[in-house]
Amino acid sequence: MNALDRALTHPLTRNVTPERRPFDLAAYEAGGGYGGLHTAIGKLTPAECLQIVKDSNLRGRGGAGFPTGLKWSFVPMEDGGPGHKYLICNADEMEPGTFKDRLLLECDPHQLIEGMILAAYTIGADVAYVFIRAEYLLAERLLREAIRDCYGKGYLGRNILGSGYNLDMHVHSSAGRYICGEETALISSLEGKRANPRAKPPFPQVSGLWGRPTIVNNVETLCNVPHIIERGAQWFNDLGLTEDAGTKMYGVSGRVKNPGCWELPIGTPIREILEGCAGGMEDGYAFRGLLPGGGSTDFLVAEHLDLAMDYGTIGKAGSRMGTGTMIVLDDRTCPVAFVQNLVAFFARESCGFCTPCREGLPWSAQLLAELEAGRGQAGDLDTLAMHVDFIGTPGNTHCALAPGAMEPLASGLKYFREDFQRHIDGRACPYCEREAAA
Amino acid sequence: MNIRIDGVEYPATKDRNLLETCLGLGLNLPYFCWHPAMGSVGACRQCAVLQYPDEEAEQAGRGKLVMACMTPVSDGARFSLETAQARRFRQGIIESLMINHPHDCPVCAEGGECHLQDMTVMVGHRDRRYRGRKRTFRNQYLGPLVHHEMNRCITCYRCTRFYRDYAGGTDLAAQGCHDHIFFGRHEDGVLESEFAGNLVEVCPTGVFTDKHLVHDYTRKWDLQSAPSVCAGCAVGCNTLPGERYGRLKRVHNRFNAEINGYFLCDRGRFGATWVNDERRLDYPGLRGEDGRYNAIDHHGALQRIVSSVERGAVAAVGSPRASVEANFLLRLLAGPARFCPGFSAVEQPLVGEALALLRASRATVPDIATMETADAILVLGEDVSNTAPRIALALRQGVRNRAYAMAAGLKLQDWQDAAIRNLAQDQRCPLFIAATAATRLDPVAARSLRLATPEIARLGLRVADALAGDNSNDYSHDNSHDNPDDHSVHREAAAIADGLRDAKRLLVVSGTGSGDIAVMQAAARVAEAFRDTGREAMLSLVVPEANSLGQALLCEGNGSPDLDALAASAEAGEIDTLLVLENDLYRRAATDQVDRLLANCQRVIALDQLDNPTTSASHLAVPAASVIESEGTLVSLEGRAQRCFPVFPPHAERHPAWVWLLATLKELGREAVSDWHHFDDVTRGCAAAIPALAGIAAAAPDHRFRNHGVRVPRQPPRYSGRTAMRANVSVHEPKQPEDEESPLAFSMEGLNRDQPAALLSYVWAPGWNSNQGLHRFQADVGGPLKGGPAGIRLLRANGGATPLPRHATAAFAVEADEVLLVPRYRIFGSEALSAISPGIRELVRPACIELCAADAERLGLADGDGVQVGDNAAALPLRIDDAMAPGCAGYTAGYRETAGLAPNTRQRLRRVAHFSPPGPTVIGSDRGGRHG
Amino acid sequence: MSELIPALSADELAAIDAEIAHAPYRDAVAVDALKIVQRHRGWVSDESLKAIARHLTMSADELEGVATFYNLIYRHPVGEKVILLCNSVSCWIKGCETLRARCREGLGIDYGQTTADKRYTLLPVTCLGACDKAPVLMLGDVLLENVNPAGLMATLGASGEEGT
Ligand SMILES: Cc1cc2nc3c(=O)[nH]c(=O)nc-3n(C[C@H](O)[C@H](O)[C@H](O)COP(=O)(O)O)c2cc1C
Ligand code: SF4
Ligand code: FES
């Protein structure tokens, strides 16, 4: 595939060659980079940019899939002035099983920066932050270098491309905690506080960082923006195989032959990703189910393998597309222990603000651990079902962490109920016995 | 506007959230993190109800759980509290909270008045299913007032929301994460906020409890209580002291929508237990030849008082901390010309001037709640955090009106607490402070200036001029051009006036604390000038003590002698008998002066609660009941007359001062009192005799009042063990004492409901054993009590009939070897009685002199030196405090050691050789490792 | 009291001040400042915490609340290198528990513990975003991928070979 073809069909990864260092500013530009910037800044009005992004049907790639253009349109535009609006890139990627943003950050930092400048221009932000998780040290270093180069080139700073538009960009390296990825918790954290999420409304678009209008977008979302601006909404819409637009970074981890992350047209069927890209199950392992988009999505099972991986289809099947990175459950891994690992993770990462999450998740994890240890009791599955109901219903908790945390448990109880029951009836984990026997 | 709850239509108002609405309707909906004064954050998820989108969904029972505290009400909205789905969820929340709760109710100081207990019973949670281990924490030593027991925590975040967000404290924070969240300090140490004690009431369980109560424990249901008024300062916060076995066990807040609301300061909460002190006088003591006191009975004492008075040449010293009635009777006894109100000679004109200014000003004299509505505040020379702490808390709320204004722009309602704080961040209404030193309000001030007292007055006058657009005033007479700082005062005044440009409601706070009449006058002028621009102005002038203003009203305009005048009379041999009412004169004037005064009188009769230097110098010491044991009217700084009722009958030969004095007058055959039998008669007599006090009789219902035909009980319905209480003496229960003086009963019989607010004796409603049951007594959740306002406003402004005086202020300059002496008040220590209460006693630091480093160097003094001020006898330790205004020496006011010092006088400081400083005391966080 | 708080080094101050330069409030850089000091000193002691708080004009108590929220701020001394072992689901499937057991046996430390020679501290960490190369861990600043127990012990210079 030649470079232009690749740029047209795989915009996000057109520059990605994992074996070498990412493009520096010159190389990025040589490959057509900052084309979006030149197209828009000073030439298109923010309102025109917004319209293009709206028309593109780009949806947030951070997990919730909210239409990006619509989100941006809530930012009050009459409200300008220095230090007055913010754009934040959410590069906190900590969702279990998710490893797509790391790739984009480490392989093409300028693409993200270009997307951020365009997004900031569209909403009239004059300060942008990249909120990056602490462990992404390489990505952080590359970003800082790239930002420095952009200042040198006049793509950041005052009067960008002579348009009169000013933008400063900073990198904030976090100090851990999964909850920081939740956009309002992220804002609290960026303010130097404990990362407790905030009640919505008011939404960050009107009252976010330091009380000012703020947009938080995922890395992948923002990386799409330069291409949309440069090539137009129609091109982007045409990329998708189903009603969703664009490409998507899909990933597969677990006991598959070739775990990895690929950019594919959105709406690619699950089977194609699982078998075509990831090479199917490892020898000696059979497929039992998968979480389609990270640790906080519901299980899908064999009957779902031919579904298209897009927001609507996966939603109708009772799960969520989430981050689009699948975790595969094989037949030799205990589903109860699998779910226990996830629930214990979410319990540990709860911010501790609201009761159902703070107390209910550890309790659920403790029950699952009891089950796994062969100490399950008769009513335990009912208690777990109660937690699924209490914690898992959106709105019952202060933020979306807890409902997400319950998705694997809820669907696990649905698809693998026998396994749960066998732990209680047999007073032991059947998988551990098999392991021990092997 | 109407909403439907469980199929029933109810009226609702749109500025209330659903939780408030439900509580206001008398529906039992459990909650934890919401607080009527602090709004909602949605942390505990306890107040869940089902919301239906429409009628059809309601029919089908298909709805969505919402948190009532986070849900605005709108016309036609449909909810269910009772549906199984909502009930199960609320039960589940309690069950979740209980997985780590220690269930130590039997040994918990909160037991019996625990909001968590109430809510647990309310949702019907009983059986434990959780099989894991509970998490445990190490408790911290938080000082002598508040006890910490973290294992009981249910993580509702109320403590930090109060401590940090509401009261501005910085040393209590949430720590840790997930299910391991700890509320405490960075390390063991005394909580720094002067409002820390409110944690005891704000915490819905037993994490923060009253240390004094923990050590001398009684359950709420065994406490006898009555409406009282805090005697800690002049604000007049309403309190509910609780008693058992003749001892005061604790003081709780008594809600008053116009004054203290839900919160007291620590002086008020912890400063009344001095009434249990072993130095209380129990019997009258007659000094014998050998200088020792012999106990006599009250008949004997009365005869001696009467015969002393009959011998002629009587003079009396009243007390600004004693009730209006006691002072009035004493004044009747001695005659107005021989009645000294009992202020220090310095204070007397200051308090008189405060009253005169309040009358002359056309600005509103605000109550605390009204202060909170200000959108701009100027504080001139008064350190309210130390002299009237509850006002400081109000000012912290006032500056938040900017946040509420911003929130309104986003259509956020006032109860959306977290959202509003996030929106406004540190944007506040302008608060300007001019003081001689740092104040604890400085962190929320737009500008805080450190100025010498005369400069504060000049700043105020210039602000007034700037507001009036008046540049014509010639300040040359005050030598301003000689003062290099003057330009800066001028500039600051212009900046302040500019900062008030957008304000609509200005509050000016000043008072007697600066010791300078000119400062108060300047404050009044600013308020006046602001008002003249067609906007609303408020003027609050702080006076020193609980009844200072009442005393000023009693003596208004009739030239009562001050202490100096009294001393002169005594010197001239004009006083045979000196009666001193509840007043330790050694805190009012220099020791040698008081010694001389007392020595120059033939007989000194001191009526007081505690043994003190004045009673020790008296010939007859007469035990008086305390404010907790007696009825009385106190007039607060806003001119509000409020009634206190005895919480328990005084024991031994302690009687209320009014009883002693009325009996004396009757024995003397005074015509005026011949048909006075009750306290109410005295109150009415005083109201009739003193026009300015005419309103006091209406401060509370009189003793004949009955609530639906019965009395208001002091003991709650579950008051237990009345026969067991004295089982070591007799198993027969004595008859409960009768209360002849009030509509309250010393028993559990009666009705604690629907009574006028002044008679609220405890807060208790079915299902609501904790103080959260208060909403059942409120007309509107978080709003005024059903019984109406408590107390009565006495002050009538004369509407500008007298022009505001304008004091010429001399420029401030000190000679090279001089300092200007300025008073520095302390919340713990400057008020004599609270300072000896257990707990607070540990926090009182010795009096000292404070200087900035530059001045110390100029005068050749060093930190820790002993210094003598002028010819004041006592040597005081010197502390370097760089927050002192240059040229000023702060002296700790209200202490006996500094009683002889006159504020705002130029003095020389002399270093004392061989000075040994007073022993170390607890300060801040430097006391680690001890567990209380 | 102030003398008890050791001063922050010039390097630390410069780095913190650079963050403050573009923050609207000093205390907004609390997390950055904690990380900067931790980078220099390995962990954040009580004294460091107080020094940072003072520099940010905030109370030590509030800073403590921030510091203890985040799992990568160490309020206890840690070893020369921290082993952040990913124990999230993909790594768990691929055997992170074996790695943990090997650390227990070979280094004598479990989560939250430091070797006696102060070389290593073992901590669990959230999904490291390298699930396709599970199991993974971070050894100090370095990401190790597709880790097998024997290789790990060799890298750590510990004897964890027995019982493979
Ligand atoms: C508990 C939790 C963790 C989250 N973590 C991340 C994350 O690491 N990265 C991310 O982009 N979005 C994360 N999100 C989603 C964000 O809240 C937010 O929706 C997203 O950043 C918006 O970007 P988008 O519109 O571009 O998707 C998380 C959400 C929740 C509830
Ligand atoms: S959060 Fe609300 S949700 Fe919870 S009670 Fe507290 S009061 Fe309500
Ligand atoms: S689960 Fe370990 S890297 Fe994702």
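Derivation of every value follows stated rules applied to the coordinates shown; laboratory data play no part. What you are looking at is a predicted structure, and each value in this text was computed from that prediction instead of being measured. Cβ atoms come from the backbone with ideal geometry, glycine included; neighbour counts cover every protein chain shown.
For chain A, the longest principal axis of the C-alpha atoms and the axis of helix A:219-231 are separated by about 40°.
Sorting the segments B:187-194, C:74-81, B:331-338, B:43-50 by their mean number of nearby beta carbons within 10 angstrom, highest to lowest, gives B:43-50, B:187-194, B:331-338, C:74-81.
For the stretch C:5-134, the equivalent ellipsoid derived from the alpha-carbon gyration tensor has semi-axes of 32, 17, 12 Å in decreasing order. For the pair B:Glu749 and B:His103 in one chain, pulling the backbone fully straight at 0.36 nm per residue adds 229.3 nm over the alpha carbon distance. For the stretch C:2-69, the equivalent ellipsoid built from the Cα gyration tensor has semi-axes of 16, 14, 12 Å, listed from largest to smallest. Using bins of 10 Å that start at zero, the share of Cα-Cα pairs per bin across the stretch B:819-912 amounts to 18, 50, 26, 5, 0, in whole %. Compute the label zone of C:Ala21 within the stretch A:154-182: residues whose backbone N is under 14 Å from the point 7 Å along Cα-to-Cβ. Flagged as within label range: A:169-171. Pairs of Cα atoms in the stretch A:43-190 fall into 5 Å distance bins, from 0 up to the last occupied one, in shares of 2, 9, 18, 22, 22, 17, 8, 2, 0 percent. Ranked by the mean number of other Cβ atoms within 10 Å of their residues, highest first, the peptides B:651-658, A:26-33 fall in the order B:651-658, A:26-33. Let me make sure I get this right: for the stretch B:767-845, a, b and c are the square roots of the gyration tensor eigenvalues over alpha carbons, sorted descending. Under 1.5 in a/c it's rounded, otherwise prolate if a/b > b/c, else oblate. Which is it? It is oblate, given that a/c is not under 1.5 and a/b is not larger than b/c. For the pair B:Asp282 and B:Asp576, what calculated FRET efficiency results from E = 1/(1 + (r/R0)^6), where r is the Cβ-Cβ distance and R0 = 30 Å, to the nearest 0.05? Approximately 0.60, to the nearest 0.05. Rg to Rh for chain A: what is it, with Cα atoms only and Rh by Kirkwood? In chain A, Rg relative to Rh is 0.99. Dipole of the stretch B:497-565 computed with +1 at Lys/Arg Cβ and -1 at Asp/Glu Cβ about the Cα centre; of B:Val508, B:Gln551, B:Met520, farthest Cα towards the positive end is B:Val508.
Dimensions of the stretch C:81-156 along the principal axes, based on C-alpha atoms and rounded to the nearest Å, stand at 33, 21, 19, largest first. Inter-chain neighbour count for C:79-89: the average number of beta-carbon atoms from partner chains within 10 Å of each residue's beta-carbon is 4. On the beta carbon distance between A:Lys54 and B:Asp592, with R0 = 60 Å, the FRET formula returns roughly 0.10. With the simple spin-label model, which puts each label point 7 Å out from Cα in the Cβ direction, the C:Asp110 to A:Thr9 separation comes to 5.3 nm. Computed packing ranks the peptides A:356-368, C:17-29, B:287-299, B:844-856 as A:356-368, B:844-856, C:17-29, B:287-299, most packed first, by mean other Cβ atoms within 10 Å.
DSSP finds beta bridges in the protein assembly as shown, and of those with both partners inside it, around 50 percent are antiparallel.
The convex hull drawn around the Cα atoms of chain B, when projected onto a plane and averaged over every direction, covers 40.5 nm². Computed from Cα positions, the angle between helix A:401-415 and the longest principal axis of chain A comes to roughly 40 degrees.
Report, in whole Å, the centroid distance computed from the Cα atoms of the stretch B:657-674 and the stretch C:72-119. Cα centroid of the stretch B:657-674 versus Cα centroid of the stretch C:72-119: 85 Å apart. Kindly identify the stretch A:335-437 as rounded, prolate or oblate by the Cα gyration tensor criterion: order the square roots of the eigenvalues as a ≥ b ≥ c, call it rounded if a/c is under 1.5, otherwise compare a/b with b/c, prolate if a/b is larger, else oblate. Cα axes put the stretch A:335-437 in the prolate bin. Per residue, the convex hull spanned by the Cα atoms of the stretch B:107-276 amounts to 137 cubic angstrom. Considering every Cα-Cα pair within the stretch A:156-232, what fraction, in whole percent, is farther apart than 19 Å? Pairs farther apart than 19 Å: 51 percent. Taking only alpha carbon atoms, the stretch B:39-172 gives an Rg to Rh ratio of 1.04, where Rh is the Kirkwood radius.
Taking a ≥ b ≥ c as the square roots of the eigenvalues of the alpha carbon gyration tensor, the stretch A:281-344 is oblate, as a/c is not under 1.5 and a/b does not beat b/c.
In this simple spin-label approximation, B:Glu55 and B:Arg131 carry label points 7 Å from Cα along the Cα→Cβ vector, and these lie 5.1 nm apart. Using the Cβ-Cβ distance between C:His40 and B:Arg491 with R0 set to 60 Å, the FRET efficiency from 1/(1 + (r/R0)^6) comes to roughly 0.85. Fully extending the segment from A:Val301 to A:Ala317, taken as 0.36 nm per residue of separation minus the present Cα-Cα distance, adds 4.7 nm.
Whole Å is fine, so just give me how far the alpha carbon centre of the stretch A:396-430 lies from that of the stretch B:232-247. One Cα centre to the other: 55 Å.
Over the stretch B:7-80, one equal point on each Cα, no solvent: what is log10 I(q)/I(0) by the Debye formula at q = 0.15, 0.16, 0.17, 0.19 Å⁻¹? Debye intensities relative to I(0), on a log10 scale: -0.47, -0.54, -0.60, -0.75.
For chain C, the Cys residues with no second cysteine's beta carbon closer than 4.7 Å are C:Cys103, C:Cys127, C:Cys131. Each label was represented as a point 7 Å from its Cα along the Cα-to-Cβ direction; for B:Asp871 and B:Thr723 these points are 7.1 nm apart. Need the C-alpha centroid separation for the stretch B:817-840 versus the stretch B:533-593, integer Å. Rounded to whole Å, the Cα centres lie 19 Å apart.
With contacts taken as Cα pairs under 8 Å and at least 6 residues apart, the stretch B:819-912 reaches a relative contact order of 44 percent. Helix B:347-360 axis versus longest C-alpha principal axis of chain B: approximately 60°, rounded to the nearest ten. Max-minus-min Cα coordinates of the protein assembly as shown on each principal axis give 120, 81, 68 Å, with the largest extent listed first.
Largest first, the extents of the alpha carbon coordinates of the stretch B:349-543 on the three principal axes equal 53, 32, 31 Å.
Solvent-free Debye calculation, one equal scatterer per alpha-carbon of the stretch A:247-330: log10 I(q)/I(0) at 0.19, 0.20 Å⁻¹ equals -0.69, -0.77.
In vacuo Debye scattering of the stretch B:253-374, one point per C-alpha: log10 I(q)/I(0) at q = 0.09, 0.16, 0.20, 0.23 Å⁻¹? Taking Cα atoms of the stretch B:253-374 as identical point scatterers yields -0.47, -1.14, -1.32, -1.36. If you take the alpha carbon atoms of the stretch A:105-233 and fit the smallest convex hull around them, that volume is 114 Å³ per residue. Its alpha carbons considered, the stretch A:83-135 gives a radius of gyration followed by a Dmax of 12.1, 36 Å.
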